[in-house]
1. Given the conditions (1) part of a loop (DSSP other than H, G, I, E, B); (2) buried (at least 18 other Cβ atoms within 10 Å of the Cβ), and given that Leu598 satisfies all but one, which numbered condition is not satisfied?
2. Are any residues in the stretch 144-186 of a type in the set (Val, Ile, Thr), open to solvent by less than 60 Å² (accessible area, probe 1.4 Å) and not in a strand (DSSP E or B), and if so, which ones?
3. If we keep just the residues of the stretch 353-369 that are crowded, with 20+ Cβ neighbours inside 10 Å and within 28 Å of the chain's Cα centre (by Cα), which is modelled with the lowest pLDDT?
4. Which condition breaks for Ser86 when tested against (1) in a loop (DSSP other than H, G, I, E, B); (2) under 26 Å from Asp228 (Cα atoms); (3) open to solvent by 30 Å² or more (accessible area, probe 1.4 Å)?
5. Considering (1) under 25 Å from the mean Cα position of the chain (by Cα); (2) at pLDDT below 90; (3) open to solvent by 40 Å² or more (accessible area, probe 1.4 Å); (4) within 28 Å of Ala395 (Cα to Cα), say which one Met1 fails and leave the rest.
6. Please state which one of His102, His96 is free of Cβ contacts under 8 Å to residues at least 40 places away in the same chain and either part of a strand (DSSP E or B) or under 26 Å from Ala319 (Cα atoms) (or both).
7. What are the residues in the stretch 652-677 that are surrounded by 13 or more Cβ atoms within 10 Å (Cβ to Cβ) and not in a loop (DSSP other than H, G, I, E, B), if any?
8. Condition (residue is touching a helix residue (DSSP H, G or I) at 6+ places or on another chain (Cβ under 7 Å), surrounded by 15 or more Cβ atoms within 10 Å (Cβ to Cβ) and either aromatic (Phe, Trp, Tyr) or farther than 27 Å from His584 by Cβ (or both)) applied to the stretch 494-515: is it met by at least one residue?
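The values are calculated or read from the model by the stated rules, or taken from the named source; none is laboratory data. Please read these numbers as outputs of a predicted model, since none were measured by experiment. Cβ placement follows ideal geometry from the backbone for every residue including glycine, while neighbour counts extend to all protein chains displayed. Ligands, DNA and RNA are stripped out before the accessible areas are found, and what is left, the full protein with its side chains, is counted by its heavy atoms. Shrake-Rupley method; radii C 1.70, N 1.55, O 1.52, S 1.80 Å.
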Amino acid sequence: MSGVAFALLALAPPALFEDQAGKFDWARENVGSVGAAVFRSVGSQRLAVVASEAAVAGIDLRTGGTAWRRVLPEGESVGGLLALGSSGVLSTGVAHRDGRAHGSVRLFSDSGALLWDAVLDAVGDAAAPPVTAATDVAIYAASATSVLALHAATGKELWRWTAPADKAGLRVAALVPQGGEVRAYGVLDGRLAVATLGASDGAPASKGVELIKGEALLGGAPLVAVPDGSRLVSLSADKAKLVVHAVGSGKAEAHPLAALLPAGAAAEALSPTPLPGGALLSLAGGGSAVVALGKGSAPARLAKHVAPAAAGGAQALAAAEWKEGGALLALARAEAGALTLQTCELAADSAACEWSAAEPLGEADGELGAGFAAWVGPYARKDGSTGARLLVRSAGDALALHVRAAAAAAEGGKGEGGRLWVREEALASVSGAELLPLPAIAIDRGAAEQRPFFGFALPAVADGIKSRLEALQRSAAEAEAEAKRLLLLGDAYGSRQVVVAATAASKLFGLHSSTGAVLWSRHVPPLAPGAPPPLLRGPFVSGSGATALVHVVATDGGRWAVLTVGPFDGSLVGERREEGELVHAAQLPGSAAGTLLLVDASLGATTHPATPAAGAELASRLSTTFFHLVSPSQVQGFGLVAAAGGGVRASARWSVALPPAASSRTAYFSHRAAVHSAVRTKGDRSVLHKYINRNVLAVGSEVKPAGGEAPYVQLLLLDSVSGRRLHSARHSNCAGPLSLLLGENTLLYSYRAEGRDGPQTTLTAAELYVNSSVASGVLSLLAMGPLDPSLRKNQFDAFAAPPPLVLSQSYAFPTSIAAMGLTLTQKGITPKQMSAADKEEGLVPYSPSLGGINALQVVSHRHTVARPRAIVAAPTVLESTSLVFSYGLDLFLTRAAPARTFDQPPPRVTRRPPPFPPPRQLNEDFNKLGLLGACLGMLVATVATSMYSARRDLNAAWA
């Protein structure tokens, strides 16, 4: 299970010095949205072992820090955890390989070591995690029609059983080891079926797969075995009966739920959580019920009923094994702004128990009110009573540990009330990010106030003493407020910025670019009661400085909303809600006000804000505004026209079909990125004119043809205004993963090519140049003077311009590339560098040579950034420096200076408030006068040599 690293690819080694690590960069390690958790103890350390789709990790219960983490390979996910006493924790999941899903089982020690892993047979295109059961000797795992026995200590396969061909429809859903046998239960033709296998060799009983007499079962409902393995529980097909099978018998009894549940209550689903001698049901309309199965011939009865949460609230029911074969049942409620916990101890027969008094566990915000999941960890208190730790995952993927308020104080919790700590795991699902400079303040005296005198340092010393005395006199609350105020101050170089990130968990964040600290967060609730969590598009930035605003578009398929928030404090400035489905949301290119263009499913176009000024701006740009939509089958381009009944609508202008059975992705060059030079100077002093077209769209497709044909990768460059195909390339016998990056005139893409020695990652670089006879001599360029871009003849014509001249080269690359990005500066003068995140162990940056990799190019040094998805860059005030931010499962941010820090001034005495010292200077003795002289000298030499070369060529032609 390899890690993933992040690299900055450059010619010159840009790595940090050892004493700079952690000062100009930071990394944030995440786990992801937690779907399963178990509580463990390792000596004096208390852990919660949690699993997300991407990782398994141990979380320290005292601090909330990551004790250990194991990131799964790409294409694998974890669906469940099973505690195995002192042996460790067993994880079950699904591994997608060769287009099929396989069950996977792994055993981790409590310290995080991977003891062994196993992969089950392929089970189709999609599958649930395998079901497992454990004994002291073996671990049994079942997936689809197969059962596998593994040695508990080594993971060695002991035996394997597969259902016979005439029972191929069997889907094993529960395993019950009992004595010298293992019973594999499943559903066959809607009926409960069982295969009895020998525990030592897997030999099936003479009867093979038997059908159990009884009710037809609900498709997809779990088969839940009680902890002692005596009975199996499921739901009937009509959800009206609880089906109970005594293990070893040949029949299943049906208990009508109408006689068990309160009047008017109906079962919605059976929980997979096993209860001693009972079953846990989720009820329609909310609420839960615990049904005691009874012993022997005793009838089933209702042991506990939990009413639905109050309007605007939410609740979660959790259970965990506890004393003498019983269980602790925990009910957490988030109502009226408070989180409370009630517990009851179930005996081994799930007899009725009494709820304890509700204990406050801290405040409940809107994230908990929108729904949450919970896991309970019981423990024995010093007075002999039972205590409980509650691990909560909110609707916004925040993971928090809650205990009683008194216990939180005793354990030194830093949260509110009974919350010990919180982890913002929504940051593992960032879908988009923008960086904005924090508003700067004047920290130096004006020139008019400065009078040189011999005691120039005395004012600074006096101010320093004064500020420290004021700090000593502040209360704790005042000190915290002052620290927050200082945290939001910018600097003169623009390197202190806020990272505004939108996540797939419907949550917005503001992160500090210097430390990665969370400045603010805002959860976007469902747009209507009962609606799914909205999908966030953006963020989009309007304005600048202290007046900047961030807009985020939230959609759920039937409604949409635009939220406007303050980027520095997360305050909600405005909100607009509409009915309908949005198909496109983007900013109008070049809009000074940051106006958004919104297009709905009926192709009606509107703006945000919906003001007369924004409408007039859109109306003035109808003939020059275009957008495109990408679907699995085609890329379609649209323009804007005035609607007959008033308003604006989108009109389809062109479409390009994509290959069938293709997985496609796109890339484009940002309209906000600066371009300094429109030419590239060659070695013979001639120039090539860059093909700079900000409407170019790169479309890469991974194609797997049907009929056994070899896969291939297709690359298209399209003009998104005219729909013209500017360039295309097809790489046969190649496959993904495919990564794309489009610069001002450069296209980079990586893919996997099949070779004689196996698959090899290939990186292709294509440069685009103007394919025309534009003057390229130095004197001719100087004589032409600057072009006026406001004149129509000097503007780019997407319909008439000839296609570009494409020069491409390909390189073999040691590892698979997950994401690529490009550094950006304010004026575009500094040479651009490509940033790449690779998917393998270590950090392997791109090099123009085929030789070894220079280790000094590793900018992530000791950090491992797992599962990167994208890389974004932002300029600073310094032309030499940009900020590079990578997001995926983990986050990483660093400063990049492709041409070194050539424009940083020497340090000066400032009145910068602590704790922010002036940035460290790498070149305090920079000679600006020498640079100017060198530039003038080179200009004269270039003109002279150009004249000499032209005269020599003329003489040679006449000779």
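1. (1)
2. Thr145 - this is the single residue of the stretch 144-186 that is of a type in the set (Val, Ile, Thr), open to solvent by less than 60 Å² (accessible area, probe 1.4 Å) and not in a strand (DSSP E or B).
3. Gly369
4. Unmet for Ser86, out of (1) in a loop (DSSP other than H, G, I, E, B); (2) under 26 Å from Asp228 (Cα atoms); (3) open to solvent by 30 Å² or more (accessible area, probe 1.4 Å): (1).
5. (4)
6. After ruling out the rest, the residue left standing is His96.
7. The answer is Arg653, Trp654, Ser655, Val656, Ala662, Ser663, Ser664, Arg665, Thr666, Ala667, Tyr668.
8. Yes, some residue in the stretch 494-515 is touching a helix residue (DSSP H, G or I) at 6+ places or on another chain (Cβ under 7 Å), surrounded by 15 or more Cβ atoms within 10 Å (Cβ to Cβ) and either aromatic (Phe, Trp, Tyr) or farther than 27 Å from His584 by Cβ (or both).
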